[in-house]
1. Relative contact order for the range B:94-204: what is it in percent, counting Cα pairs under 8 Å that are at least 6 residues apart?
2. Residue by residue, what Karplus-based ³J(HN,Hα) values in Hz, rounded to whole numbers, does the range A:72-89 have, using 6.51, -1.76 and 1.60 with θ = phi - 60° and x for Gly and Pro?
3. How compact is the range B:36-175 by the rule of thumb for globular proteins, expressed as Cα Rg over 2.2 N^0.38 Å?
4. How many angstrom separate the Cα center of the range A:130-173 from the Cα center of the range B:156-227?
5. Rank these for me by crowding, A:146, A:203, going from fewest to most other beta carbons within 10 Å.
6. Please compute the volume of the convex hull spanned by the alpha-carbon atoms of the range B:94-204 and report it per residue in Å³.
7. So the label point sits 7 Å from Cα along the Cα-to-Cβ vector; using that for residue B:153, what distances do you get to the other copies, in nanometres, sorted shortest first?
8. Could you line up A:39, A:197 from fewest to most neighbouring Cβ atoms inside 10 Å?
Protein chains: 2
Amino acid sequence: MATGRTHRPATRSRGIPEATVARLPLYLRALTALSERSVPTVSSEELAAAAGVNSAKLRKDFSYLGSYGTRGVGYDVEYLVYQISRELGLTQDWPVVIVGIGNLGAALANYGGFASRGFRVAALIDADPAMAGKPVAGIPVQHTDDLEKIIDENGVSIGVIATPAGAAQPVCDRLVAAGVTSILNFAPTVLSVPDGVDVRKVDLSIELQILAFHEQRKAGEEAEAQAGATAPAERENNGKGPDGDVPAVMPA
Amino acid sequence: MATGRTHRPATRSRGIPEATVARLPLYLRALTALSERSVPTVSSEELAAAAGVNSAKLRKDFSYLGSYGTRGVGYDVEYLVYQISRELGLTQDWPVVIVGIGNLGAALANYGGFASRGFRVAALIDADPAMAGKPVAGIPVQHTDDLEKIIDENGVSIGVIATPAGAAQPVCDRLVAAGVTSILNFAPTVLSVPDGVDVRKVDLSIELQILAFHEQRKAGEEAEAQAGATAPAERENNGKGPDGDVPAVMPA
DNA sequence: TCATCTTTGTGCACGCGTTCACAAAGACAT
DNA sequence: ATGTCTTTGTGAACGCGTGCACAAAGATGA
């Protein structure tokens, strides 16, 4: 998955482990799909398959929320949808601001997945005066100068940063000073924030690099297996470097 | 961080722990910045601060790669940049295809972070015939019909899925059948793939839901602390539900 | 050459998360 | 009522990841 990793010291919030919290949205999505198909109940086995996790893990996750299942039957879909929604805080409305309306910011503004679960794009903010007033996804872009006022008037506590790397920390500081306590950061920067503020980061470049690592490993193993299968002894040094299984690319 | 979570059974690849691999890009970014400022060496303490991690963790991470530091001095920046790049497989070129050129797909195509680290957008693919031939980020969009040919001719092993949820699994299947072995999935779906194929997912909606959970918890604790500080006994049941610290929103 | 000082590399202990395996609970049929 | 069968909820063991704390290594100066 995406870099969604956690900064917080794994403090168990209200008894629910962080790892479980991260899976609840997954369960919720699967349950919503079942609900739309009017499926009344579901077993841990079925639901786990739909969410792509181990069934024991799912049961343990649910056990942190309470005993919502019926032995011999399974879980009531509608009831579980409600319980998880409530636990995640999705029964209320969360106004969100997006700062930095470039390619990515605009795409986020247009992203339907926000509105679907209680998240409402309250405002779009950009530092470019030329953008001011221009509507994106039906919402007029406002200038950074008014950031504090916008946060305050809309009671915003969640901010999304989609600015270039250089602008991210200053924007973050202003958001926090204005009262934002949760930040979703798309800029390739490590943000520093005071205690009590949550930051999650999504970094496309990092995700690709992790994939590249595994991809390289796969290629290497394959080559090794190939060599081992055909002629193990022949694998001396076919014109590369002294180190056989390392690409012969040298640094400066 | 973003949903970047890992699917693989935490199989330690080549002795390097998965958690370490996920941090290497972070170190690399910090080191690149130092390199551009022509800083020759850096201590684990300084670098750790720049990357936002514990210094002991950083040293242990580097120890998996080998002994690249000098005691009493620190690490050679240039050398470390090269070693990490090589370990991550960034010394070679990775052609990537993006499937689904909507808002998000277009934003990804325009994203500069791809090109910067050995990743090259080899092709953009969309199912809409009206999009075919239209250039996005300077690259003409091609039709899904040619997917297999494109993968094959460009030697693509990494695919990015930015389609609507419904199209994701079919597209994934075709990518895998055509030879792609690493997938970065932006669609809100659980993809099932055969063994040997890596999937990482980035889910904006999930990230927001996790933030909402903590945000709700913070609000609840604050209210509780408030109540406890002023009048603990007064906190009987101020017209909500039988369960005091749960929002009195009822399901259908 | 020797002493001092800095910084790495790592042994060790701890805690979270995962998984297995099973007892308890309930549905359902007789 | 009683028995059988399904499925939950959880105790317990295991493994990975983290962070402390320190010994070893090397630089630097006298």
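No lab work stands behind these numbers, since they all come straight from the coordinates. This is a predicted model, so every value here is computed, not measured. No Cβ is skipped: glycine too gets one built from the backbone with ideal geometry, and neighbour counts run over all protein chains shown.
1. It comes to 25 percent, rounded to a whole number.
2. Once rounded to whole Hz, the list reads x, 10, x, 10, 6, 4, 4, 5, 5, 4, 5, 4, 5, 4, 5, 4, 7, x.
3. 1.40
4. 25 Å
5. The fewest-first ordering by Cβ neighbours comes to A:146, A:203.
6. 96 Å³
7. In nanometres, ordered from closest: 5.3.
8. Lowest to highest Cβ neighbour count: A:39, A:197.
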